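Chemist: Encoded as structure tokens, here's the structure I'll be asking about.
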Amino acid sequence: MIITLDGPAGAGKSTAARALAARLGWCYMDTGAMYRAVTLVALERAIPLDDAPGLATLAESLAITFRDGRVLVGERDVSVEIRTPAVTAATRPVADAPPVREVMKRLQRRIAEGIDVVTEGRDQGSVVFPHAELKVFLTASPEERARRRHREESARGGGTPLEEILEAQNRRDDGDRTRSVGAMKAADDAVLVETDGLSHDEVVERLVQLVEERRRPLTA
Ligand code: DC
């Protein structure tokens, strides 16, 4: 069974997807991490970020896998390096490149073949897994998402003002929504889950409930 979890940055997707996969005992596929991994290696090999065919060839050549919650390229654990601000910024043009998205779509489908998986991203329900048994679009208001990020940053000692975080987030959302291929969008048959005012546990409970509802007809 495939469950897709799409939505904007900061809606709490990753935490929710990871917790849901753990609850169900299923695999968790973090597709943002896959775009980040391609970007990390592109930066290291100095592949220009506007060279879409070059980036796609690179993506094709990399063995990106998930093991015990870690992201691997070959045998190299890149889980930490893919989260640096430099990689985050450079991921945008990589994720915008249609040939890269094509390669990633194939890879994501291959990874999910024959297993139960919770997959998380922007286009998982709308493009990559149009036949997923359950599609969720997880969202929260821009203000709430910016507040969450601000709290996380402050806890890490960062001093970026809330307004600046909100502006950067709006720019990212616009970019995600308007890319020519694989734009962030709720699939027509996705269930919308709005997380404003919900605790982390409440979000996970809601998702588990949705999974149970989908599974019931299958097991009845
Ligand atoms: O979710 P994230 O921040 O780790 O995603 C990293 C980047 O990859 C971000 O720019 C959005 C993009 N992305 C995408 O275009 N499609 C996906 N399925 C997942 C992420």
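Chemist: Can you pull the accessible area of Ser180 for me, 1.4 Å probe, Å² to the nearest 10?
Modeler: Rounded to the nearest 10, the figure is 100 Å².
Chemist: Given labels modelled 7 Å from the Cα in the Cβ direction, how far is it in nm from Thr88 to Arg172?
Modeler: So the two model labels end up 0.5 nm from each other.
Chemist: To continue, here is another question. For segment 1-87, what's the radius of gyration and Dmax over Cα atoms, in angstrom?
Modeler: Taking only Cα atoms of segment 1-87, I get Rg and Dmax of 14.0, 41 Å.
Chemist: In deg cm²/dmol, rounded to 500, what helix-only [θ] at 222 nm does the chain give when every DSSP H run of at least 4 residues adds -39500 (n - 2.57) and the total is split over its residues?
Modeler: After summing the helix terms and dividing by the residues of the chain, the value is -17000 deg cm²/dmol.
Chemist: Roughly how many Å is it from the Cα centre of segment 137-198 to that of segment 53-106, as a whole number?
Modeler: One Cα centre to the other: 21 Å.
Chemist: What order, most packed first, do the peptides 125-137, 82-94 have when packing is the mean number of other Cβ atoms within 10 Å of each residue? Please report the intermediate quantities before stating the final value.
Modeler: On the way: 125-137: 20.5, 82-94: 16.2.
Packing order, densest peptide first, comes out as 125-137, 82-94.
Chemist: Sort 29-35, 108-114 for me by packing, meaning the mean count of neighbouring Cβ atoms within 10 Å per residue, highest on top.
Modeler: Most protected by this proxy first, the peptides run 29-35, 108-114.
Chemist: Could you tell me, in Å, what Rg and Dmax come out for the Cα atoms of segment 120-220?
Modeler: Rg and Dmax of segment 120-220, Cα atoms, are 16.2, 53 Å.
Chemist: Taking Rh as the Kirkwood radius computed over C-alpha pairs, what is the Stokes-Einstein D of segment 12-146 at 25 °C in a medium of viscosity 0.890 mPa s, expressed in µm² per second?
Modeler: In µm²/s, the coefficient is 158.
The values are calculated or read from the model by the stated rules, or taken from the named source; none is laboratory data. Since the structure is predicted, the reported quantities are computational estimates derived from the model, not experimental observations. Cβ coordinates were reconstructed from backbone atoms using ideal geometry, including for glycine residues, and neighbour counts include every protein chain displayed. Note: areas computed on protein heavy atoms with side chains; ligands, DNA, RNA excluded. Shrake-Rupley method; radii C 1.70, N 1.55, O 1.52, S 1.80 Å.
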